[in-house]
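These notes concern the structure reproduced below.
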Ligand SMILES: Cc1ncc(COP(=O)(O)O)c(C=O)c1O
């Protein structure tokens, strides 16, 4: 289906409904996006009601709206709402799924070189505690993930394929749909980190064919900080151990035994921030109303424009690679430390961030990068903002 581009008029309206765009040029969407005003208004109004009427009483009043957050997530990733658990961030989501797996000594985990630090730590921890073997598929010379190398790495011991779709500190992407087909063919558990993808591009868990998927709210979804969710396919829910259990996750309890809930909310706990839950739902509805395919089209356009402009500037090296690239643009400035670049831009009200080696350790080490500058675009950014960023960078390197 043809994607109708977001018009200049629409962008103006969307910007007018995001107060942060009036204050700064925000290219730190891979850190945390600027939320739409309606998301913040929803949260603050809910907190006011809690303060006046009581937390439990307000929850009872908003039960239906709170429940709709699950429906919004289900629509976003094409999942059944019973396969979704709300958690505080992507690391909690990923860790809940990963640590629930019953690893045995000698089990193999296959991953990619773009894996996020939380996940890498999880693998190492599982190696120390359960004696699992970690196999890393390196990107090929063109910077693409090698499906044939993955096929070759699979053995009868392979227990899990775990992939980060979009890395924290690089603009490339891992082909999660093609990998999902391989995982399915070999009947191997498949865990996807979609932390940077949700809200940036369409993610359909049925198309990806994953068993588990972890997401955070504050990045491309434009939801509040401290929100996230985990998808666990129905057929896999009973196979995962519960890491923390309360009377909500396991409502049937005797002195000898307990029975978990019959849905993915068994991976949640009762107590959570209801105001933020509503805010997450609002942010997802907001993105769905715009259209994720339209968002993705504009993000790719703006990121392409930025890479092209940076590519013509002497003294700047763009580090992004691979056949498909996303809204995260990474580069370094000759002889200027990334932190200094970030701070100088911040003086001009331009927000970028520094990609640290620890975040994507395997990739950064392989490419001898101690850090890079990360300018991550979202649909509400403009061509003018990109020009301004490039002007300031030119000033910095004396062009
Ligand atoms: C690719 C990726 N995965 C996971 C995470 C962790 O997300 P959170 O901080 O919400 O736990 C991040 C955070 O930057 C990330 O970039």
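Set side by side, the residues 189, 160, 213 differ, and just one is at negative phi and within 16 Å of the ligand (Cβ to nearest atom), which is 213.
In the stretch 132-140 there is no residue matching the filter, namely being within 16 Å of the ligand (Cβ to nearest atom) and within 30 Å of residue 49 (Cβ to Cβ). Looking only at the stretch 251-264, decide whether some residue is outside any loop (DSSP other than H, G, I, E, B) and crowded, with 20+ Cβ neighbours inside 10 Å. Among the residues of the stretch 251-264, at least one is outside any loop (DSSP other than H, G, I, E, B) and crowded, with 20+ Cβ neighbours inside 10 Å, which makes the answer yes. If only residues of the stretch 223-236 that are crowded, with 24+ Cβ neighbours inside 10 Å and away from the ligand (no atom under 14 Å from the Cβ) are counted, the one that is nearest to residue 263 (Cα to Cα) is 232. Going residue by residue through the stretch 200-208, is there one that turns out to be within 16 Å of residue 93 (Cα to Cα), buried (at least 21 other Cβ atoms within 10 Å of the Cβ) and away from the ligand (no atom under 16 Å from the Cβ)? Yes, some residue in the stretch 200-208 is within 16 Å of residue 93 (Cα to Cα), buried (at least 21 other Cβ atoms within 10 Å of the Cβ) and away from the ligand (no atom under 16 Å from the Cβ).
Restricting the stretch 116-131 to residues that are closer than 16 Å to residue 189 by Cβ and in contact with a helix residue (DSSP H, G or I) (Cβ under 9 Å, 6 or more places away or on another chain) leaves a set whose member that is farthest from the ligand (Cβ to nearest atom) is 126. Starting from residues that are free of Cβ contacts under 8 Å to residues at least 24 places away in the same chain and over 19 Å from the mean Cα position of the chain (by Cα), keep the ones in the stretch 345-369 and report whichever is nearest to residue 30 (Cα to Cα). The extreme case among them is 346. Criterion applied to 278, 288 was being surrounded by fewer than 18 Cβ atoms within 10 Å (Cβ to Cβ), outside any loop (DSSP other than H, G, I, E, B) and in contact (Cβ under 8 Å) with a residue 60 or more places away in the chain, and the one residue passing it is 288.
Looking across the stretch 360-375, the residues that are crowded, with 21+ Cβ neighbours inside 10 Å and out of contact with any strand residue (DSSP E or B) (no Cβ under 6 Å at 6 or more places or on another chain) come down to 360, 363, 364. A residue that is modelled with pLDDT of 95 or more and part of a helix (DSSP H, G or I) occurs somewhere in the stretch 207-229.
The values are calculated or read from the model by the stated rules, or taken from the named source; none is laboratory data. Here the structure is a predicted model, which is why all the values come from computation and not from measurement. Ideal geometry is used to build each Cβ from the backbone, glycine not excepted, and the neighbour counts take in all protein chains shown.
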